[in-house]
Amino acid sequence: MSSSGAPTRSSYDVVVVGGGHNGLVSAAYLARAGLSVLVLERLDHTGGAAVSAPAFRGHDVRLSRYSYLVSLMPEALMRDLDLQVRLESRTTASYTPTSRDGKAGGLLVERPEGPATARSFADLTGGEEEYAAWREFYADVADLAHAVAPTLLEPLPGERALRDRVDPDIWRDLVERPLGEAVERRFRDDTVRGVVATDALIGTFASLHDPSRVQNRCFLYHLIGNGTGEWRVPVGGMGAMTDALAAAAGRAGAELLTGAGVSAIRPTGKGADSGAEVTFHAGGRDHVVSGRHVLANVAPWVLEILLGGAEDAATKPEGSQLKINLLLDRLPALRSGVDPAVAFAGTLHLAEDYTQLERAYADAAGGSVPTALPGEVYCHTLTDPSILESAAGSGTHTMTYFGLHTPASLFADPARREAAKAEAVARAIASLDEHLVEPLASCVARDADGQPCIEAKIPQDVEADLAMPGGHIFHGDLEWPWAPARARLDTPAQQWGVQTAHDAVLLCGSGARRGGAVSGIAGHNAAQAVLASR
């Protein structure tokens, strides 16, 4: 059930802190196994970042305000929980408008790829070699994805076991060496290089040559979902996914308590006698409940504070994205002449040539909003018009922009935050206007107050809205989805990659190994660790 007020009991088998999608996945699996489960969510609704809601007064369109596409959620998980959610493929994989020698053009990648994709590569690059390199590279990536994807709902495989299943060259390119080396060696065209590289930078602030290879890990997570890496559109918006998860948890008997802000977690006992007490505020007063296990669907940095640690600015994650939601009266026309319904149906890349990506990183690392701001755009409504409600069929469309290399540090000064945010939004829109026949502003709808239907979120907004420290959408840097060499895997929590320093407290959110994105994998794995420990 879902409610606001007080819990129905003082002790549970499992208390889940945070009602985002991973917490709901854990709750559903554990309740189905017969355990008593309480989910505590501080907001007045569950769903976390994966929600749908009206964003503009006078329009009942339900936008996916934060996360917006699904790739990593395993189909096996959806079957396990009987999630009645349709995920639709986009007919266009990507379109990248270009301007070379004063001529407007673009690179089209169909889904599935066909003759138009081959022609587009040839027209842009002047030959067939670059498309051949593209196909060879992504075939190699698919081999790695096919090896990794089946392990995501299993105990952690060892690094060596996975390495031995794939070609050593692709393991070197994607795992052992900074990704930029492979991109530069395997491709010649600046635009093609950029289209490949952008998957390494979603929510990740790094150079493509960063020796930490955090960009490689980000790239891998964006390409391994279900062995295909396809990012699909949830029909009804992201809220349809989390509504289905909440319903699954409720049907199984989990108790979902909203308006319940957790202030402390206190581990008790050791080993088989371990447990934890959770203090939270709901219904106008404080409550304390105990659980044999507590699953933390919050960032590890937040968990440390709930466990009694001090806020440590030096270890706080830093997000790096600009999200803009728009409502359009009509789709804008592009200078290249491509059909807007084709260009905007997939991912439309802006200022994401390889050299532009690296220059933007250097700008932001130097403390400036990038002059040419890299980002990507897509229109949910070209695949799923159901979210338009009463506006369906009127020509109205939603547009989502996701900007790269906009770290929280660029907006750190409260006195300049709104000005810096406005500057970033203006540069994002300018990167699209450069390729349009008319300014985007002429297509933007107006709300009930006569204001443009534009909603922008910088990392600080994400932190304020969703309690993600630093506005980091992954709760911190992503980790390799396997056990590092010589890692201790003595306990079920370690074996599933969800351990903390306390036996009874496990990570079930994006901060777990194999967390990140709307996948439910961390929630599944935390639930399996609990069941294995019992």
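The values are calculated or read from the model by the stated rules, or taken from the named source; none is laboratory data. The structure presented is a predicted model; accordingly, all values stated were derived computationally and were not measured. Reconstructed Cβ throughout: ideal geometry from the backbone, glycine too, with neighbour counts over all protein chains shown. Accessible surface areas use protein heavy atoms only, side chains included; no ligands, DNA or RNA. Shrake-Rupley method; radii C 1.70, N 1.55, O 1.52, S 1.80 Å.
For residue 256, the requirement of being in contact with a Cys (Cβ under 7 Å, 6 or more places away or on another chain), in contact (Cβ under 8 Å) with a residue 12 or more places away in the chain and surrounded by 14 or more Cβ atoms within 10 Å (Cβ to Cβ) is not met. Right, residue 109: in contact (Cβ under 8 Å) with a residue 60 or more places away in the chain, open to solvent by less than 40 Å² (accessible area, probe 1.4 Å) and farther than 26 Å from residue 437 by Cα or not? Here the answer is no, as residue 109 does not meet what is asked. Of the set (1) closer than 30 Å to residue 110 by Cα; (2) of a type outside the set (A, V, I, L, M); (3) out of contact with any strand residue (DSSP E or B) (no Cβ under 9 Å at 6 or more places or on another chain); (4) crowded, with 19+ Cβ neighbours inside 10 Å, all apply to residue 301 but (1). Scanning region 343-367 for residues that are touching a Phe, Trp or Tyr at 6+ places or on another chain (Cβ under 9 Å), in a helix (DSSP H, G or I) and crowded, with 17+ Cβ neighbours inside 10 Å gives 343, 354, 361, 364.
Residue count for region 311-342 satisfying the condition of being part of a strand (DSSP E or B) and touching a His at 6+ places or on another chain (Cβ under 7 Å): 4. Restricting the search to region 151-161, which residues are in contact with a Pro (Cβ under 9 Å, 6 or more places away or on another chain) and not in a loop (DSSP other than H, G, I, E, B)? If the condition is that a residue be in contact with a Pro (Cβ under 9 Å, 6 or more places away or on another chain) and not in a loop (DSSP other than H, G, I, E, B), then 151, 158, 159 are the ones that fit.
Filter region 1-59 for residues that are touching a Ser or Thr at 6+ places or on another chain (Cβ under 6 Å), assigned to a strand (DSSP E or B) and at pLDDT 95 or above; which is farthest from residue 511 (Cα to Cα)? For region 1-59, the residue satisfying everything is 11. Residues of region 368-402 that are free of Cβ contacts under 8 Å to residues at least 12 places away in the same chain and part of a strand (DSSP E or B): none at all. Taken as a whole, the condition of being surrounded by fewer than 18 Cβ atoms within 10 Å (Cβ to Cβ), modelled with pLDDT of 95 or more and among the small types (Gly, Ala, Ser) does not apply to residue 182. When you check residue 488 against the structure, is it surrounded by fewer than 20 Cβ atoms within 10 Å (Cβ to Cβ) and in contact with a strand residue (DSSP E or B) (Cβ under 8 Å, 6 or more places away or on another chain), yes or no? So residue 488 does not fit the description; no.
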